[in-house]
Every structure is written in C-alpha cells, then in structure tokens.
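Shown next, in structure tokens, is the structure this report addresses.
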Amino acid sequence: MPDFRAFCSPAVADPTAITLSAEESHHLVAVNRAKPGDTVVAFDGKGTEWICELTDDRKQAAVLKVRFRQKMPPLPYAITLGQALPKGQFMEAIVRKATEIGVAAIVPLESERTQVHLGGERQDRKLGKWQTAALEAAKQCGNPFVPGIQPVQSATAFMESAKGYDLKLIASLQPGARSLKAVLAGFAAAQQRAPQNVLWLVGPEGDFTPAEMSTSRSCGFEPVTLGPLVLRCETAATYALSILSYELQNA
C-alpha cells in the first residue's frame, strides 16, 4: 500500500484531477510531508479509490493528478457496533479500533448506567470528533470504507427497533451467556451459512442493567460471554469485534 492516503469527495465520478480540502492538504503536505511526484491514494470512504500523483503541494489546496480509478470490494460481511457511551475519551478510541477492524456502522447508545449524556451542540461536536477519528483511522490502516456513525440514541429504543440483521449479539456478564463460537455454530447449523449482517451491543461501565438485558432477549439478541474476566468497556468492544471479525473471515 502506498504511504500516502487522502480523503476526498470529487464532484464527478471520473475526475482527471482532484483538489484536496484545506484540512486534507495540510495533513498530506505539512504533516506527512508528501512531495510532488509522490503517489497518493485518494478515497471517498465508500469503496472508491483514485491512484494519483501529487502535482501541486500547496498546503491549503494540494492537487492530485489521477492515474486510474478502482472500486474496492466490501467485506463479505457487515458488522454494526452498538456501543453504550463510556466516560472520558474512550469512545473516540473505540471508534478508531472499530474502523481498523472494519465495522460497517457504529451506533452510540445511552443506557440506564451510562454516565455520559449528550444533547444539542455537545452531541454534534462529539459526532464530529468521532467521524474525524474514523476517517483518520481509515487513512492509517488503508480501509477504503469509513463506517457511518449514527446519532446517539436510547439503548432500549435501539434494541426494539433493530431490524434486518442476520444475528444480534449482546456482550453479557450474566450466567447462561454462550461463547461466540457456540452461537455462530448454532446459526450455521440452522441456516446452512454464516451470518452476513451482524449487530453486536457492548454495555457501559457496570454493564447493561437486568431490565435492559431482558429487553434484549425479548428482541432476539443472543447473550455472549467474553470470558471469565470483567473487561473495561473499551477493551470489551475491541475484543468482541476482533473475535467476531476473525470468525466471520474464516467461516
């Protein structure tokens, strides 16, 4: 993979040249120190890439000459992460890791035990930061798809409205939760295939409440154990997504 990547939104599908935004130009030229003649992969976050040459290294309006366009195939499965909001800056870290793992979408959730509550301008600022974090992670790891980040919503309301998934999972500390391998094996035995569209919910500090877990079960979620140890929510999210991604890649 070439060293330089830049996000862009060309006005036409097949541009011959791309002028980057001021922010992307500064990052490419001032931060990454790209020089004229260097190869740059411009991407739109939706699977399209343009292999380019940097021809003008202006820090506010760098210009790329397009060599050719390519469409990158999506993963054969889609994972959505429903993440109860953690304290501090951990949500941003979760977004970055989820992007590196290749999730398709991220849904920030307010649960009964969530200690962070966002609204109005504060939510807009946070969403902007999370979207920036996802874009930066996509550039760093070479992911041509930037996950969509939905507005913050109630965990219970989201559970009740979650439709169209092959499999709905919820990380659980409660007795009776099964391993991911057992859940996937049960799905494969029943459906004769691996799931292609999976939703996984991860709770806040202290986990989802018993009432929320009851709601999840009534809405078709499978409680899944992440092992015998109690994980911090940011660790749980990365761990859960990693093992699910691994299993689906090797299904």
*Answer rounded, prolate or oblate for segment 1-95, using the Cα gyration tensor with square roots of eigenvalues a ≥ b ≥ c: rounded when a/c is under 1.5, else prolate when a/b is larger than b/c, else oblate.*
oblate
*Amide N of segment 105-143 lying under 16 Å from the label point, which is placed 7 angstrom from the Cα of residue 75 along Cα→Cβ*: 105-107, 134-135, 137-143
*Determine ³J(HN,Hα), in whole Hz, for all residues of segment 179-191 in sequence, where each value follows from phi through the Karplus function 6.51 cos²θ - 1.76 cosθ + 1.60 and θ = phi - 60°; x replaces Gly and Pro.*
6, 4, 4, 5, 5, 5, 5, x, 5, 5, 5, 7, 9
*Hull surface divided by four, with the convex hull built on the Cα atoms of the chain: how many nm²?*
14.7
*asked:* List the residues, sorted by chain then number, that are 5 or more residues from residue 167 or on another chain and whose placed amide H is less than 5 Å from its amide H.
replied: 197, 199
*asked:* To check you understand DSSP bridge types, tell me what percent of the beta bridges within segment 31-130 (both residues inside) are antiparallel, rounded to 5.
replied: 70
*Just name one of 182, 156, 109: the one whose Cα is farthest towards the positive end of the charge dipole of the chain (beta-carbon charges, Lys/Arg +1, Asp/Glu -1).*
182
*Can you list the residues, at least 5 places off or on another chain, whose amide H is less than 5 Å from the amide H of residue 154, using H built in the peptide plane?*
110
*Hey, what did the chain get for relative contact order, percent, Cα under 8 Å, at least 6 apart?*
19
*Enumerate the calculated ³J(HN,Hα) couplings along segment 41-46 in order (Karplus 6.51 cos²θ - 1.76 cosθ + 1.60, θ = phi - 60°), each rounded to whole Hz, writing x wherever the residue is Gly or Pro.*
9, 8, 9, 9, x, 10
*Run through the DSSP bridge list for the chain and note the antiparallel percent, rounded to the nearest 5.*
40
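Give the order of 26, 117 when sorted by the count of other beta carbons within 10 angstrom, beginning with the fewest. Display every interim value, and only then the final one.
Details: 26 16, 117 10.
The order, fewest Cβ neighbours first, is 117, 26.
Taking the alpha carbon gyration tensor of segment 141-251, what are the square roots of 5 times its eigenvalues, largest first, to the nearest whole Å?
20, 18, 16
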*For segment 19-87 and segment 99-138, what is the separation of their Cα centres, given in Å?*
21
*Shape call for segment 72-157 from the C-alpha gyration tensor, a ≥ b ≥ c root eigenvalues: rounded (a/c under 1.5), prolate (a/b greater than b/c) or oblate?*
prolate
*Mind putting together the pair-distance distribution for segment 1-42? All Cα pairs, 10 Å bins, whole percent per bin, short to long.*
27, 57, 16
*Pull up all non-local amide H partners of residue 40: gap of 5 or more, or a different chain, and H-to-H distance under 5 Å with H placed in the peptide plane.*
52, 53, 54
*asked:* Could you work out [θ]222 nm for the chain from helices alone, using -39500 (n - 2.57) per DSSP H run of at least four and dividing by all its residues? Round to the nearest 500 deg cm²/dmol.
replied: -10500 deg cm²/dmol
*Between the helical axis of 120-141 and the dominant principal axis of the chain, each derived from Cα atoms, what acute angle in degrees is found, rounded to the nearest 10?*
70
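Values in this text are rule-based calculations from the coordinates and carry no lab data. Keep in mind that what you see is a predicted model, and the values were worked out from it rather than measured. Cβ atoms come from the backbone with ideal geometry, glycine included; neighbour counts cover every protein chain shown.
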